[in-house]
């Protein structure tokens, strides 16, 4: 197996475009995978992106945006509405993050190779969103 090159500069560019609202999720996924990214974790409490590469190295970058306080209560319907708005390109990332924080999302983990995103609330609430067109296996234990 040939090791994939890790491109931290490309990742920084994707993050900057995403934070500025100039990138849509399918393009982010494609470009991150091409740069050697396996997954990334967005922590709204700390205000950071933590990127995990295929070689198990990481990159931490600050979120360069204002998104307001994270609500105390987790709203599954609130985060699903924000996801649908982003999927339909009615909203871009800065508004998505504001709505996620308002829905009580403390963090989310975008598992690019696993084709899902897991959203977390303060008390252990979660919502798993599969990438569009992906059907999860009935049992993945």
Matching entry among 12, 22, 31 (being closer than 20 Å to residue 132 by Cβ and either surrounded by fewer than 19 Cβ atoms within 10 Å (Cβ to Cβ) or at pLDDT 95 or above (or both)): 31
Among (1) in contact with a strand residue (DSSP E or B) (Cβ under 6 Å, 6 or more places away or on another chain); (2) surrounded by 15 or more Cβ atoms within 10 Å (Cβ to Cβ), the one test that residue 60 misses: (2)
Number of the exception - residue 70 against (1) at pLDDT below 95; (2) assigned to a loop (DSSP other than H, G, I, E, B); (3) surrounded by 15 or more Cβ atoms within 10 Å (Cβ to Cβ): (1)
Every residue from the range 58-87 that is touching a residue at least 24 places away in the same chain (Cβ under 8 Å), within 28 Å of residue 33 (Cβ to Cβ) and touching a helix residue (DSSP H, G or I) at 6+ places or on another chain (Cβ under 9 Å): 59, 61, 63, 64, 65, 67, 79, 83, 86, 87
Residue count for the range 73-93, restricted to those that are closer than 20 Å to residue 22 by Cα, over 12 Å from the mean Cα position of the chain (by Cα) and surrounded by fewer than 21 Cβ atoms within 10 Å (Cβ to Cβ): 8
Subset of the range 26-43 (residues that are in contact (Cβ under 8 Å) with a residue 24 or more places away in the chain, in contact with a strand residue (DSSP E or B) (Cβ under 9 Å, 6 or more places away or on another chain) and farther than 17 Å from residue 66 by Cα): 29, 32, 35, 36, 37, 38, 39, 40, 41
Which numbered condition residue 41 fails, given (1) within 16 Å of the chain's Cα centre (by Cα); (2) more than 18 Å from residue 115 (Cα to Cα): (2)
Leading residue by the ranking (farthest from the chain's Cα centre (by Cα)) among those in the range 44-57 that are in contact (Cβ under 8 Å) with a residue 12 or more places away in the chain and closer than 20 Å to residue 120 by Cβ: 45
Hits in the range 103-128 (condition: assigned to a loop (DSSP other than H, G, I, E, B), free of Cβ contacts under 8 Å to residues at least 24 places away in the same chain and within 12 Å of the chain's Cα centre (by Cα)): 115
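The values are calculated or read from the model by the stated rules, or taken from the named source; none is laboratory data. Being a predicted model, the structure only gives us computed values, none of them experimental. Using ideal geometry, Cβ is built from the backbone for each residue, glycine included, and neighbour counts are taken over all protein chains shown.
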